[in-house]
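The values are calculated or read from the model by the stated rules, or taken from the named source; none is laboratory data. Only a predicted model underlies this, so the values are computations on that prediction, with no experimental measurement involved. Neighbour counts run over all protein chains shown; Cβ positions are idealised from the backbone, glycine included.
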Amino acid sequence: MNELAQFCKDLKRDFIPKTRDPRKPVRFWSEKDVLDGKIIDAYVIIFRTRGCSWALKSGCSMCGYFNDSMWEDVSDEDLISQLNLAMSKYSGEKFIKIFTSGSFLDDSEIKPKVRKEILKNLTENAEKISVESRPEYINDKTLKEIKSIIGSKNFEIGIGLETYSDFVREKCLNKGFKFYEYKEAADILKKQKIELKTYVLIKPPFLTEKESIKDAVTTVEKIKNITDCISLNPTNVQRNTFVSYLWNRKKYRPPWLFSIVEILKDSKKILDDARIKCDTVGGGSIRGAHNCKLCDRKYLKAIEEFSLTQNLNIFEGLDCECKEKWLDQLDIEDLGFGSLTNMYG
């Protein structure tokens, strides 16, 4: 186990999960997304499970979703109870997105018979279902079982690749897998005719603002012919993580919204017709991607609208006086030893 992996593990040594009701999901809600080129309502369910197996072992440097997990086995009955509670508020949305704060295909997190029951329930109304998984759980056997349940319905699996760089993924993120493993999983999905959504992280720890822009755009270039959709995820400071450890010591600043816009603009030109989106969790707060209080809201709105429409014209005319500070940072940080955190908040 390398130093970062050990550090991420040690951070959880004294972690005590909050008492949670295993019969209730973390959250469920409706939001806008795109299906067959049209903006529609999508239904989102976050199941409360034992937690991501990788997080329980060590964990990614920026991921704090384990804070919502049980850290102990959740019974099949409790998971079905979570499903029933979430579906009691379901309003017929044709696109349903499932999150578990881990991997939906991990049998130790969601047992096959429970996975089957969940998918059978959702396919009664949904036209598209989206889940997430680490690449090691993606195999022909599991995917064939899923296809036997969902039939002709559209199925999407999201993988958190984060970056094309094995060095950054290991030394900055502690993801626990290599690019070739992502590619192997993508090949299996393609063979099974299942869509792939790839998550790309904006601003891993230790990268400067300028380096993070280049890393994200280069990653888009590297995977443009592999994935069906790209979701950009700006790093936000989540509790009990290595990123939080750095942030509390003023050694990390979440990305500027200006950087996100630049990445989206450059990436869209690379992808042409392929879809790219950005989910700015915590955007506008000091723990999330932000500029200044005067312009955060309009930039966040533009990013959200672009994610739905793919129209680059949305970014035209966006400006703020604080942009000069961002440009100064891009110039000055090359002279230092990492991302500047104290200059502009």
Quick check: is even one residue across segment 20-31 modelled with pLDDT under 95, out of contact with any Cys (no Cβ under 7 Å at 6 or more places or on another chain), farther than 30 Å from ASP273 by Cβ and assigned to a loop (DSSP other than H, G, I, E, B)? yes
Only residues that are hydroxyl-bearing (Ser, Thr, Tyr) and under 21 Å from the mean Cα position of the chain (by Cα): list them for segment 116-150, please. SER130, SER133, TYR137
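Quick grid of which residues meet (1) under 25 Å from SER53 (Cα atoms); (2) hydroxyl-bearing (Ser, Thr, Tyr); (3) modelled with pLDDT of 95 or more:
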residue: LEU143; (1), (2), (3): yes, no, yes
residue: SER148; (1), (2), (3): no, yes, yes
residue: GLU156; (1), (2), (3): yes, no, yes
residue: LEU161; (1), (2), (3): yes, no, yes
residue: GLU170; (1), (2), (3): yes, no, yes
residue: ALA186; (1), (2), (3): yes, no, yes
residue: VAL217; (1), (2), (3): no, no, yes
Just a yes or no: is a residue in segment 47-66 of a type in the set (Val, Ile, Thr) and under 17 Å from the mean Cα position of the chain (by Cα)? no
Any pair with Cβ under 7 angstrom, 6 or more apart, that starts in segment 25-41 at a residue that is touching a residue at least 60 places away in the same chain (Cβ under 8 Å) and of a type in the set (Gly, Ala, Ser) and ends at one that is surrounded by fewer than 16 Cβ atoms within 10 Å (Cβ to Cβ) and in a loop (DSSP other than H, G, I, E, B): SER30/SER91
What are the residues in segment 242-257 that are touching a helix residue (DSSP H, G or I) at 6+ places or on another chain (Cβ under 7 Å) and under 20 Å from LEU232 (Cβ atoms), if any? TYR252, PRO255, TRP256, LEU257
Could you give every pair whose Cβ atoms fall below 6 Å, whose first residue belongs to segment 192-216 and is under 17 Å from VAL237 (Cβ atoms), and whose second residue is among the small types (Gly, Ala, Ser) and at pLDDT below 95, counting only separations of at least 6 or pairs across chains? GLU209/SER339
Which numbered condition MET1 misses (of (1) over 30 Å from ASN121 (Cα atoms); (2) free of Cβ contacts under 8 Å to residues at least 60 places away in the same chain; (3) not in a loop (DSSP other than H, G, I, E, B)): (3)
Just checking, does segment 167-176 include any residue being farther than 28 Å from TRP71 by Cβ and of a type in the set (Asp, Glu)? no
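Yes/no matrix, rows are residues, columns are (1) touching a residue at least 60 places away in the same chain (Cβ under 8 Å); (2) outside any helix (DSSP H, G or I); (3) surrounded by fewer than 19 Cβ atoms within 10 Å (Cβ to Cβ); (4) at positive phi:
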site: ILE276; (1), (2), (3), (4): no, yes, no, no
site: GLY283; (1), (2), (3), (4): no, yes, no, no
site: ALA289; (1), (2), (3), (4): yes, yes, no, no
site: ARG297; (1), (2), (3), (4): no, no, yes, no
site: ALA302; (1), (2), (3), (4): no, no, no, no
site: GLU305; (1), (2), (3), (4): no, no, yes, no
site: ASN313; (1), (2), (3), (4): no, no, yes, no
site: LEU318; (1), (2), (3), (4): no, yes, yes, no
Among the β-branched types (Val, Ile, Thr) and closer than 26 Å to GLU304 by Cβ: which single residue out of ILE16, ILE40, ILE80, ILE110 fits that description? ILE40
Quick check: anything in segment 70-90 in contact with a strand residue (DSSP E or B) (Cβ under 6 Å, 6 or more places away or on another chain) and in a strand (DSSP E or B)? no
So, in segment 143-180, of the ones that are among the acidic types (Asp, Glu) and surrounded by 18 or more Cβ atoms within 10 Å (Cβ to Cβ), which residue ends up farthest from TYR252 (Cα to Cα)? GLU156
Restricting to segment 247-260, give me the number of residues that are surrounded by fewer than 20 Cβ atoms within 10 Å (Cβ to Cβ) and in a helix (DSSP H, G or I). 1
Could you grab me the full set of residues in segment 71-90 that are surrounded by fewer than 21 Cβ atoms within 10 Å (Cβ to Cβ) and either under 18 Å from ARG13 (Cβ atoms) or small (Gly, Ala, Ser) (or both)? TRP71, GLU72, SER75, SER81, SER88
So the check is Cβ under 7 Å with 6+ separation or different chains; which pairs have a first residue in segment 77-96 that's within 14 Å of ARG115 (Cα to Cα) and modelled with pLDDT of 95 or more and a second one that's basic (Lys, Arg) and outside any helix (DSSP H, G or I)? ASP78/ARG23; SER81/ARG23; GLN82/ARG23; GLN82/LYS24; GLN82/ARG48
GLU93 - would you say it is buried (at least 19 other Cβ atoms within 10 Å of the Cβ), more than 17 Å from the chain's Cα centre (by Cα) and part of a loop (DSSP other than H, G, I, E, B)? yes
Going through segment 212-236 one residue at a time, which ones are surrounded by fewer than 18 Cβ atoms within 10 Å (Cβ to Cβ) and acidic (Asp, Glu)? GLU221, ASP228
